[in-house]
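Down below is the structure, laid out as structure tokens.
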Amino acid sequence: MTSLAATTAGIGRNSIGENDDGGAPQPVSQPPLFPKPKTRLDEAVDRELGCGMSEAGYIVLPSLMPGFRQTGAPVEGLVTRDFGTSKKPCKREVAVRVVPRALARFDESAPHYCPDCGRVLEGNGPAAIELAHLPMGSEYTRLSVSRPRMRCPDRECGYSVTLAVPFKADGHNITAPLHRFVCDLLAMGQTLKDVSLMTGLHKGVVKDIDKKRLEGLYTEVGEDGARRLKGPERQSRFLGIDEFKLHDGRRYATVIIDLEDGRVLWLAHTKKKQVVRDFCDFVGDGWMSGVVAVACDMNADFERAFTERHPHLRIVYDRFHLVKNFNDKVISEVRKDEQRRLREEGREDEARALKGSKYILMTKASTRREGEADAASGKVVSRGSELFGKPEVVRKPGSEARYRQLIEENELLATCDIVKEMLEKAYSYRSEGWMRRKMRELVDVCRSTGNRHFEWFARLVEGHMDGIVSHAKHPISSGKVEGTNNMIKTLRRKGYGYPDDEYFFLKIYDGSRRASPGGESPAA
Ligand SMILES: [Zn+2]
């Protein structure tokens, strides 16, 4: 027989409230104009719930749980949940409906035998278990399920068993439909907290479900019984390797990505060369022979680890890292030195003017030119609002003038400008010879300053010339490296980075696949 179970059935009894009785008198005695014949569904509900649908006001929905049978009406209770943050609590009451005496059906007609002595088992009364189930809107649902127990009639044997609930999800006291729902929400990128508030499950339970979900998607059990990452989905031609900070901001980890689709292929806890060797072992020599070039930051010593194993690989120092090195270790430092010098000479005003100049100094000339063009055409950068008394903001001219003034007053900052333009030019070449010539000019300009920050940059460029000019032949876009960097930062901010690194890494792995174009998550 088909089981018609009302699981998340809303109670209609009190939903209208007592005031309703005081309203317009209801024509109770009048028969309906078009009496509807009872359908088979109506009859089945009456039979299942022991009352007519019209009086009870139930919504009867399929339970999606084979073996589930409801025998009583839900009991309503309240719990308090905090929808805010630890700093700004926002406590609210949430209704919880507990469906009592739900039964897990099992085939009683077939005899169950004692595995120890072979006798036919006898019933031993039910054992109760409470399972969280699909919420009904913002109301939680729980099922109080009776699990049938059986025992061996031979007391000497003493065997007893509690039969499994067919609609219970493995590992947690939740139903299979709720488990599927939680996985769907997580796959859509909902945070643990949101899913916890939506379903009434503890955050730890949601995290556990998420981790198992990700393990199912991206890991497999090897021959030695240990869990490991699944191999790459496809052959990569260009790889990117980079370091990122872990949650404490002190320890580093390493990430290897496919530069064309942005997928994370490997994550490891250190930033040592061993990471590269482990990765090469993981993907195998055949796969590595299909890789053309690897992009990396010239500060790390990943380069040699790659070329030692696979001499055919071209190492490319991508533009993102080179510009970042120049911004952070030259422009930033030169500006700080200059500020200190001006202050020591008592030129406080000039020192203060330099203070706010960091970003204007780091912007590309083309960006500044665009800004000036926007200002000339009166481009609106921020719409006004009458509601919040905010005037319309149009792009102000003068960033170019301010930049000019800064570099005119300061010889070193002027050199920063020249070097930046040279870098931009060098990275536009598609001939290694031309790019090398431009980079040598750049080294000379840096040397001519006699400044230690510039000299450091000159040494950096000279020591890595081959990898830098490789860019002309393999113009790898640095967008994917930057994108991965930002995605990791966002995940860390959302709190996935603490304290379970393994979970954090799986989130990164997942994030890179969800974000990649056409890279829909593999089906669960
Ligand atoms: Zn037995």
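The values are calculated or read from the model by the stated rules, or taken from the named source; none is laboratory data. Bear in mind the structure is a predicted one, so any value in this text is a computation, not a measurement. With ideal geometry, Cβ positions are generated from the backbone for all residues, glycine too; neighbour counts draw on all protein chains shown.
Please verify whether Met288 is farther than 30 Å from Glu400 by Cα and either free of Cβ contacts under 8 Å to residues at least 60 places away in the same chain or small (Gly, Ala, Ser) (or both), treating the condition exactly as stated. Answer is yes for this residue.
Are any of the residues in the stretch 195-212 loosely packed, with under 12 Cβ neighbours inside 10 Å and of a type in the set (A, V, I, L, M)?
Let us first name the residues in the stretch 195-212 that are loosely packed, with under 12 Cβ neighbours inside 10 Å, namely 204.
Subset that is of a type in the set (A, V, I, L, M): none.
Scanning the stretch 195-212 turns up no residue that is loosely packed, with under 12 Cβ neighbours inside 10 Å and of a type in the set (A, V, I, L, M).
With respect to being under 15 Å from Tyr509 (Cα atoms) and among the basic types (Lys, Arg), Lys273 falls outside the description. When Leu143, Leu61, Leu121, Leu131 are screened for being touching a His at 6+ places or on another chain (Cβ under 6 Å) and within 25 Å of Cys183 (Cβ to Cβ), only Leu143 passes. Within the set Gly384, Gly371, Gly389, Gly433, the sole residue that is modelled with pLDDT under 85 and more than 36 Å from the chain's Cα centre (by Cα) turns out to be Gly389.
Could you tell me whether Ala95 is farther than 26 Å from Arg213 by Cα and more than 16 Å from the ligand (Cβ to nearest atom)? Walk me through how you get there before you give the answer.
Details: farther than 26 Å from Arg213 by Cα: yes; more than 16 Å from the ligand (Cβ to nearest atom): yes.
Spelling it out, Ala95 is indeed farther than 26 Å from Arg213 by Cα and more than 16 Å from the ligand (Cβ to nearest atom).
Just to be sure I understand, how many residues within the stretch 177-194 are outside any helix (DSSP H, G or I) and either buried (at least 21 other Cβ atoms within 10 Å of the Cβ) or touching a residue at least 24 places away in the same chain (Cβ under 8 Å) (or both)? Steps first, answer last, please.
To start, the set of residues in the stretch 177-194 that are outside any helix (DSSP H, G or I) comprises 188-191.
Add one more test, that the residue is either buried (at least 21 other Cβ atoms within 10 Å of the Cβ) or touching a residue at least 24 places away in the same chain (Cβ under 8 Å) (or both), and what stays is 189, 191.
Qualifying residue count for the region: 2.
Quick one: would you say Val294 is touching a Gly at 6+ places or on another chain (Cβ under 7 Å) and at pLDDT 90 or above? Steps first, answer last, please.
On the way: touching a Gly at 6+ places or on another chain (Cβ under 7 Å): no; at pLDDT 90 or above: yes.
Considered against the rule, which asks whether it is touching a Gly at 6+ places or on another chain (Cβ under 7 Å) and at pLDDT 90 or above, Val294 comes out as no.
Residue-by-condition table, conditions (1) more than 21 Å from Gly290 (Cβ to Cβ); (2) modelled with pLDDT of 90 or more:
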residue	(1), (2)
Gly204	yes, yes
Asp210	yes, yes
Leu214	yes, yes
Thr219	yes, yes
Gln235	no, yes
Glu243	yes, no
Leu246	yes, no
Arg251	yes, no
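Could you look through the stretch 123-176, keep only residues that are in a strand (DSSP E or B), within 16 Å of the ligand (Cβ to nearest atom) and among the charged types (D, E, K, R), and pick out the one that is nearest to the chain's Cα centre (by Cα)? Reasoning before the result, please.
Narrowing the stretch 123-176 to residues in a strand (DSSP E or B): 123-136, 139-151, 160-162, 168, 174-175.
So of that shortlist, the ones also within 16 Å of the ligand (Cβ to nearest atom) come out as 123-124, 149-151, 160-162.
This time we only want the ones that are among the charged types (D, E, K, R), so: 149, 151.
Numbers: Arg149: 42, Arg151: 47 Å.
Taking the candidates together, the pick is Arg149.
For the stretch 72-92, indicate whether the set of residues that are surrounded by fewer than 16 Cβ atoms within 10 Å (Cβ to Cβ), in contact (Cβ under 8 Å) with a residue 24 or more places away in the chain and within 16 Å of the ligand (Cβ to nearest atom) is non-empty. No, because not a single residue in the stretch 72-92 is surrounded by fewer than 16 Cβ atoms within 10 Å (Cβ to Cβ), in contact (Cβ under 8 Å) with a residue 24 or more places away in the chain and within 16 Å of the ligand (Cβ to nearest atom).
Could we say that Val330 is farther than 30 Å from Arg352 by Cβ and either in contact (Cβ under 8 Å) with a residue 40 or more places away in the chain or among the aromatic types (Phe, Trp, Tyr) (or both) here?
Spelling it out, it is not the case that Val330 is farther than 30 Å from Arg352 by Cβ and either in contact (Cβ under 8 Å) with a residue 40 or more places away in the chain or among the aromatic types (Phe, Trp, Tyr) (or both).
Kindly indicate the residue of the stretch 62-105 that is of a type in the set (Ser, Thr, Tyr) and touching a strand residue (DSSP E or B) at 6+ places or on another chain (Cβ under 8 Å) and also nearest to Thr199 (Cα to Cα) among those meeting that condition. Steps first, answer last, please.
So the first thing to find is which residues in the stretch 62-105 are of a type in the set (Ser, Thr, Tyr), and the list is 63, 71, 80, 85-86.
Of the ones still in play, those that are also touching a strand residue (DSSP E or B) at 6+ places or on another chain (Cβ under 8 Å) are 71, 80.
Values: Thr71: 24, Thr80: 13 Å.
In this case the residue turns out to be Thr80.
The criterion of at least 3 residues that are in the same structural domain as Val264 (by TED's automatic domain parsing) and under 23 Å from Leu186 (Cβ atoms) is met, among helices (runs of 4 or more DSSP H) falling completely within the stretch 406-513, by 479-493.
The set of residues from the stretch 98-122 being in a strand (DSSP E or B) and modelled with pLDDT of 85 or more comprises Val98, Tyr113, Val120, Glu122.
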